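A.B. asks: Quick one: structure below, then a few questions.
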Amino acid sequence: MIRLSGFVAVCSAAKDCFSLNFAQIQGEKGYLNVTGGINGCAQIHLQTADSHV
């Protein structure tokens, strides 16, 4: 965990079963979802309250 003035970051990972491989970064205004594994970044989706890219 990283704690800075007004900012906290946490990272956790586990993959010991048959399931989807993805990474997600969440924030107060939306999130980024990386599908296909973060080592390849096959697709990146940005979702906010106003849009989906």
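A.B. asks: Restricting the calculation to Cα positions, tell me the Rg (one decimal) and the Dmax (whole number) of the chain in Å.
C.D. replies: 13.1, 39
A.B. asks: Which of the trypsin sites (Lys or Arg not before Pro) found in the chain are loop residues per DSSP with 12 or fewer other Cβ atoms within 10 Å of their Cβ?
C.D. replies: Here the trypsin sites (Lys or Arg not before Pro) that fit, given the DSSP loop and packing criteria, are Lys15, Lys29.
A.B. asks: Near the amide H of Gly36, under 5 Å away, which other amide H atoms are found, from residues 5 or more places off or on another chain, if H is placed in the peptide plane?
C.D. replies: The answer is Asn21.
A.B. asks: Using θ = phi - 60° and the Karplus relation 6.51 cos²θ - 1.76 cosθ + 1.60, list the HN-Hα couplings for segment 4-9 in order, rounded to whole Hz, with x at every Gly or Pro.
C.D. replies: Ordered by residue, 3J(HN,Hα) equals 10, 4, x, 8, 10, 10 Hz.
A.B. asks: Taking loop as defined by DSSP and a crowding limit of 16 other beta carbons within 10 Å, which chymotrypsin sites (Phe, Trp or Tyr not before Pro) in the chain fit?
C.D. replies: Those satisfying the criteria are Phe18.
Taken together, the values in this text are just the output of simple stated rules run on the coordinates, not laboratory data. Source: prediction; values computed, not measured. When we count neighbours, we look across all protein chains shown, and the Cβ atoms used for this are built from the backbone with ideal geometry, even at glycine.
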